[in-house]
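In what follows, a structure is listed as structure tokens, so that the remarks can point back to it.
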Amino acid sequence: GDLQGVIDHLDYLEDLGITGIYLTPIFKADTNHKYDTSDYMTIDPAFGNPKILKKLVNEAHARGIRVMLDAVFNHIGYTSKQWQDVLANQEDSIYSDWFYIQEFPVKAFEAVDYSSGEQFDRHQLTYQTFAFEPHMPKLNTSNPQVKDYLLGVARHYIQTYDIDGWRLDVANEVDHQFWKDFHRTCINLKAD
């Protein structure tokens, strides 16, 4: 479904006694699962738009239902502007320190045709990823610029849409200090 579909069923959810809705990633991404975010500040058109998200949160709140988004801050999508800049400019990229790059030049990942029996060799990668998935380069959340960017994302969705919480994807693989700063940022904006 999409955000409008959730709105359409809010009365039903309220009748069930639901008090919280958790939305898996709604940010712009290239896959169906959306864990490969290409732009955190854009709601993926497959789900809706900013106006619909705001309406969903407002109508959920009117029914005593809270809304939680998925914070996918361990990694980013291959087509994100940050990663594409690294591929284009290599060590000269302003984003080269945003990632865990093991050696330059970073090699662009070529798609593997699994139907032909071709195998993906994770040892070919020159950068760290989530779960050896080449389309999800791992973010360096201890980097101050990455931290500022991601905390800005958290602030944006709390301040603009009044969301009630975040689910923290792959939390154990993110810099511990980042989560402390993330918590402080969120609590300062919305005490509960």
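The values are calculated or read from the model by the stated rules, or taken from the named source; none is laboratory data. Please read these numbers as outputs of a predicted model, since none were measured by experiment. Virtual Cβ from ideal backbone geometry, glycine too; neighbours counted across all protein chains shown. Only protein heavy atoms, including side chains, enter the accessible area calculation; ligands, DNA and RNA are left aside. Shrake-Rupley method; radii C 1.70, N 1.55, O 1.52, S 1.80 Å.
A few comments on the model shown:
- Computed from backbone phi, the HN-Hα couplings of segment 177-192 come to 5, 4, 5, 4, 5, 4, 4, 4, 4, 5, 5, 5, 8, 8, 4, 9 Hz, rounded to whole numbers (Karplus: 6.51 cos²θ - 1.76 cosθ + 1.60, θ = phi - 60°; Gly and Pro given as x).
- Residues whose amide H falls under 5 Å from that of residue 168, counting only those 5 or more places apart or on a different chain, are 71, with hydrogens built in the peptide plane.
- The value of relative contact order for segment 135-192, using C-alpha pairs under 8 Å at least six residues apart, is 47 percent.
- Note on residue 91: accessible area is roughly 110 Å² with a 1.4 Å probe, heavy atoms of protein only.
- Applying 1/(1 + (r/R0)^6) with r as the Cβ-Cβ distance of residue 41 and residue 2 and R0 = 25 angstrom yields a FRET efficiency of 0.85.
- Computed over neighbours whose Cβ is under 10 Å from that of residue 70, the net charge equals +1, Lys and Arg +1, Asp and Glu -1.
- Protein accessible area in the chain, 1.4 Å probe - carbon and sulfur %: 50 percent
- When 107, 51, 190 are compared by accessible area at a 1.4 angstrom probe, the order from most to least is 51, 107, 190.
- Environment charge of residue 32, counting only residues whose C-beta is closer than 15 Å and scoring Lys/Arg +1, Asp/Glu -1: -4
- Across the protein chains, with a 1.4 Å probe defining accessible surface, the residues 19, 37 rank 19, 37 from largest area downward.
- Measuring nothing but how far apart in sequence close Cα pairs (under 8 Å, 6+ apart) lie, relative to its length, segment 1-72 scores a relative contact order of 42 percent.
- Once backbone amide H atoms are built at 1.01 Å from N, residue 66 has 20, 21 as its partners under 5 Å, excluding neighbours fewer than 5 places away on the same chain.
- Counting only protein chain heavy atoms and rolling a 1.4 Å probe, the accessible areas of 66, 155 rank, largest first, as 66, 155.
- Computed over the Cα atoms of the chain, pair by distinct pair, the Kirkwood hydrodynamic radius stands at 18.0 angstrom.
- Per residue, segment 42-97 exposes an accessible area of 44 Å² to a 1.4 Å probe, with every protein chain left in place.
- Rolled with a 1.4 Å probe across the full set of protein chains, the surface gives residue 13 an accessible area near 40 Å².
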